[in-house]
Amino acid sequence: MCGIVGIISSKEVNQEIYDSLLLLQHRGQDSTGIATMNGNVFHLHKSKGQVKEAYRTRDMRHLVGNIGIGHVRYATKGAADRDEEVQPFYVNAPYGIILVHNGNLTNTRELEKDIFSVDRRHTNSTSDTEMLLNILATELQSQLPGKELAPNNLFNAIRSLHLRVQGSYAAIALIAGYGLLAFRDPFGIRPLVLGSRFTKEDKKEWIIASESLVLENNDYKIERDLSPGEAIFISLDGEIFSKQCANDPKLTPCSFEYVYLARPDSVMNGISVYEARLRMGDYLAETIKKHITSGDIDVVMPIPDSSRPAAIQVARQLGIEYREGFFKNRYVGRTFIMPGQAERKRSVRQKLNAMRTEFQGKNVLIVDDSVVRGTTSKEIVQMARAAGANNVTFTSAAPPVRYPHVYGINMPNRHELIAHNKTIPEIAKHLLIDHMVYQEVDDLQEAIISNSSVKSLDMSCFDGHYVTGTITQEYLDWLETNSYS
């Protein structure tokens, strides 16, 4: 999971890219990078850590140019603590290309061999982003014998890239002296949104980003989402070209974007994240009614912040008082995306505090967006009991996470997933919960895609069906032995 942005403007873009990355910080806290282009010259600064810590005034002054890209990273491939893994990545031929990427490639073992033995290229990291960049460079190079770069060269290169690469990828690249290229995988698993605005001089400026909130905060008009398999090229003078480059594209976005990853004020694939989360609460309430008598519950409480819309609807549908029982320290990062179980567990109590007056002697129904490893949930239940809760019912707006997620979320190890090979009563016992209720798989999908043009979602971590059709048990076994979470 990462956040990416690319901008073509009539003025310097460094500050606007920085501001955009602040808005995307929830998508990754491991590292960040900005690259700008001034003529044929790239300027680059990247660093581990969060955006507000990574850039100093001298760094920003160095990032000159009216076209640029930015990235925030949550490591899912490649080590989180190595400088070599920080994006953007650069190759010097053809022309010079610098690229940022959100997603996970799932055939990296095959690509690694081909890049070295067939393409004769070298990668200096374990990042699949560097692989993606080198494949793009190789395929573009093959389109250019004796030719100047034209949009069709780029689109043909992306078509070839789609045939070689498997997995999820939304990417933005700068091509020295030419412009900005963006493309999305044939399933549209990871999001990418296009926007534009006009200057006072009636010159059109462009932005492409992971989430729509970036466009709205910078006063861009949302044009549309990039289609799955589509590539867009914007020249230095703002002329835009687009083409479908996949043979059989099918929009199946990641359901976990709507459950947890995206900000609620974003719209992805025409679906409001906030409204989807409200509907998750409506559906969850119906399931709760089947298992629990509402008279046995005194209050409904969310785990801030992403579960709040669902909790509001659960309380409303059940006719039970809604209360805020947990206070959040906003200066601690999102615990789900912290590397390592020990770090996640330690951060829960730094991040949340249970207010005793809201729990003392009450039967509480807690709503969380999802339960993945169970580390956070168990700590929260213990906090509620320590604050005086009489009875704890724990509910999840998402179904049990029973399978690894391979398309850009750090859930590679089945044995870390609390729901893997466990029944719901077994999960409740392990988490020390009186009652446990999960969202139904079909209900989650319907809650998200209701009244939209999206027909289906990637639900692989819930149902084990991987939409690309290329994930084998052998691959999942290999992924587990090579994960670092």
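Couple of notes before you dig in:
- Our analysis of region 80-176 gives Rg over Rh at 0.94, with the two radii drawn from alpha carbon positions and Rh computed by the Kirkwood formula.
- Prolate/oblate/rounded call for region 408-475, Cα gyration tensor, a/c under 1.5 rounded: oblate
- The chain gives an Rg/Rh value of 0.99, both radii derived from C-alpha positions and Rh following Kirkwood.
- Restriction of the trypsin sites (Lys or Arg not before Pro) in region 422-485 to DSSP coil positions whose beta-carbon has at most 14 other beta-carbons within 10 angstrom yields Lys455.
- Of all DSSP beta bridges in the chain, antiparallel share, percent nearest 5: 80 percent
- Total charge dipole magnitude, the chain, about the Cα centre, Cβ charges on Lys, Arg, Asp, Glu only, Debye to nearest 20: 900 debye
- Taking a straight line from the alpha carbon of Lys429, these aspartates and glutamates sit under 18 Å away, with near neighbours fewer than eight places off in the same chain left out: Asp368, Glu379, Glu416.
- Surrounding net charge for Glu230, when Lys and Arg each add one and Asp and Glu each subtract one, Cβ distance under 14 Å: +2
- Student exercise, region 1-65 dipole from Lys, Arg, Asp, Glu Cβ charges, in Debye to nearest 20: 140 debye
- Debye log10 I(q)/I(0) for region 2-251, one point scatterer per Cα, at q = 0.11 Å⁻¹: -0.51
- When the charge dipole of region 274-452 is built from unit charges on Cβ atoms (+1 for Lys and Arg, -1 for Asp and Glu) and taken about the Cα centre, the candidate among Ser306, Ala389, Thr375 whose Cα reaches farthest toward its positive end is Thr375.
- Taking a straight line from the alpha carbon of Lys46, these aspartates and glutamates sit under 20 Å away, with near neighbours fewer than eight places off in the same chain left out: Glu12, Glu16, Asp19, Asp30, Asp59, Asp81, Asp83, Glu84, Glu85, Asp128, Glu130.
- Charge context of Gln244, other residues only, Cβ under 11 angstrom, K/R +1, D/E -1: +1
- Within region 274-452, antiparallel bridges make up roughly 20 percent of the DSSP beta bridges whose residues both belong there.
- Anchor Lys203: lysines whose Cα lies under 27 Å away (excluding residues fewer than 8 positions away in-chain): Lys11, Lys221, Lys243
- Note on region 274-452: the C-alpha convex hull projects to 10.0 nm² when averaged across all orientations.
- Other residues lying with their Cβ under 13 Å from the Cβ of Val91 contribute a combined charge of -1, Lys and Arg counting +1, Asp and Glu -1.
Rule-based calculations on the coordinates, nothing more; no lab input. Because the structure is a prediction, the values reported are computed rather than measured. Virtual Cβ from ideal backbone geometry, glycine too; neighbours counted across all protein chains shown.
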